[in-house]
Amino acid sequence: MPGELPDDEYRLLWRRSIAPYFDAEPVERPLPGRKLPDIQQYHLGLAVLADSNFPAQRFKRDRRWMARYEDCDHVLFQLMLQGHNRVVNGNAEFTEQPGNVYAVNLAHQLDAQSVDGRAITLVLPRALLREHLPYLSDASGAFLPDGSTAARIFVDYLVSLYRNLAAAKAAEADSLIRTTMGLMDSLAMSGDIVSSAAKDASFAAICRYIEEHLGDFNLGTEQVCKRFRCSRSTVYRLFKPQGGLWHHIQRRRLIRCMLTITHPKMRHRRIFDIAVEFGFESASQFSRLFHEHFGMTPSQAREAGFAAKAGLGAPLPPVGSNALSTAELMARWATSLTRQLHHGA
């Protein structure tokens, strides 16, 4: 707590406690009597819930920081109770303000600047989201539409959850997190993915799922709707710019076939065996579609690829007792979530 240590030492310990998430530096030079940062956290087994008070800060997570804390692969759902925070998170730019919850994705670089503020943050591993809320695993920005009833409900819920955790039992932690994710799912999907962050994240998550299941002959709208719990109309809207879901799947299959067919290490494999691996059932259909897309037959592509890549060997396509110990403990919590998830914690 502030006051237990000299101010400079306390600031360093606070910075260490949040280091797995991002680096933090004060916007203004700290002066005597200036507001000190403070954070209190609850470890909920598969998640962390934190209440943070801080003077104006600049938060950064660049590639070097991401490599240093690669175990901290989480999405932070942040509620500003006071102040605001201007954020650039990957390709997303947004301003966190009271009244909504915002997703900050640690899979992407981060550069944010806040005024004096207070925030409640729910930390969920992306692996957990991919399993239960896949359309949110790539989210960045407003979780729900600003000013919506859904946003107000979730804001009230997070505040109530934090206030009641002090009296909660450890055995309740898992059910609390499952309940929280269930509410997030219901609110986000109530408008059939109306939030822009959820739309962008849904598209990215579905695309990743498609890449991982190109060899599944049943891959299509029905399977995607079932996996991501969304309607056919939602899938249609998400993939309309790509000509529809089926055209996107077919194009990705053809591109993966081209990359594999022309790889020197795949010279020994029959072309149609490769086509089957990526979801094509008919040799004649595959040859026709391949020629329409690339303007050459698969055999011509293989020979041209081998000639161009001769000798290059390109890679295959990617198929508390004191302040110090408390700060270190909080930092370990941030990096332990994914490991605990993998071990069934």
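The values are calculated or read from the model by the stated rules, or taken from the named source; none is laboratory data. The structure displayed is predicted, hence computed values, not measured ones. Because the Cβ atoms are built from the backbone with ideal geometry, glycine has one as well, and the counts that use them run over all protein chains shown. All accessible areas refer to the heavy atoms of the entire protein, side chains included, with ligands and DNA or RNA removed. Shrake-Rupley method; radii C 1.70, N 1.55, O 1.52, S 1.80 Å.
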Report task. Kindly list, by first and then second residue, each pair from a residue in region 277-306 that is at positive phi and surrounded by 15 or more Cβ atoms within 10 Å (Cβ to Cβ) to a residue that is hydrophobic (A, V, I, L, M, F, W, C) and outside any helix (DSSP H, G or I), limited to pairs with Cβ atoms under 9 Å and residues at least 6 apart or on different chains. Result -> Gly279/Leu214; Gly279/Phe217; Gly279/Leu219
Query raised in the report: Any idea which residue in region 127-176 is most open to solvent (accessible area, probe 1.4 Å), counting only those that are among the basic types (Lys, Arg) and over 22 Å from the mean Cα position of the chain (by Cα)?
Result: Arg163
Query raised in the report: With Ala188, Ala103 as the choices, which residue is at pLDDT 90 or above and surrounded by 20 or more Cβ atoms within 10 Å (Cβ to Cβ)?
Result: Ala103
Query raised in the report: Only one of (1) more than 23 Å from Ile206 (Cβ to Cβ); (2) outside any loop (DSSP other than H, G, I, E, B); (3) open to solvent by 20 Å² or more (accessible area, probe 1.4 Å) fails for His268. Which number is that?
Result: (2)
**Report entry** Flag for Tyr21 being open to solvent by less than 20 Å² (accessible area, probe 1.4 Å), assigned to a loop (DSSP other than H, G, I, E, B), farther than 15 Å from Asp116 by Cβ and among the aromatic types (Phe, Trp, Tyr)
**Finding:** yes
**Report entry** All positions within region 68-100 that are more than 19 Å from Ala334 (Cβ to Cβ), within 13 Å of the chain's Cα centre (by Cα) and either crowded, with 23+ Cβ neighbours inside 10 Å or modelled with pLDDT of 95 or more (or both)
**Finding:** none
Report task. Please note which strands (runs of 3 or more DSSP E) are completely contained in region 26-69 and include at least 3 residues that are hydrophobic (A, V, I, L, M, F, W, C). Result -> 48-54
Report summary line: Those residues of region 226-265 which are surrounded by fewer than 19 Cβ atoms within 10 Å (Cβ to Cβ), polar (S, T, N, Q) and farther than 18 Å from Ala204 by Cβ amount to Ser231, Ser233, Gln250
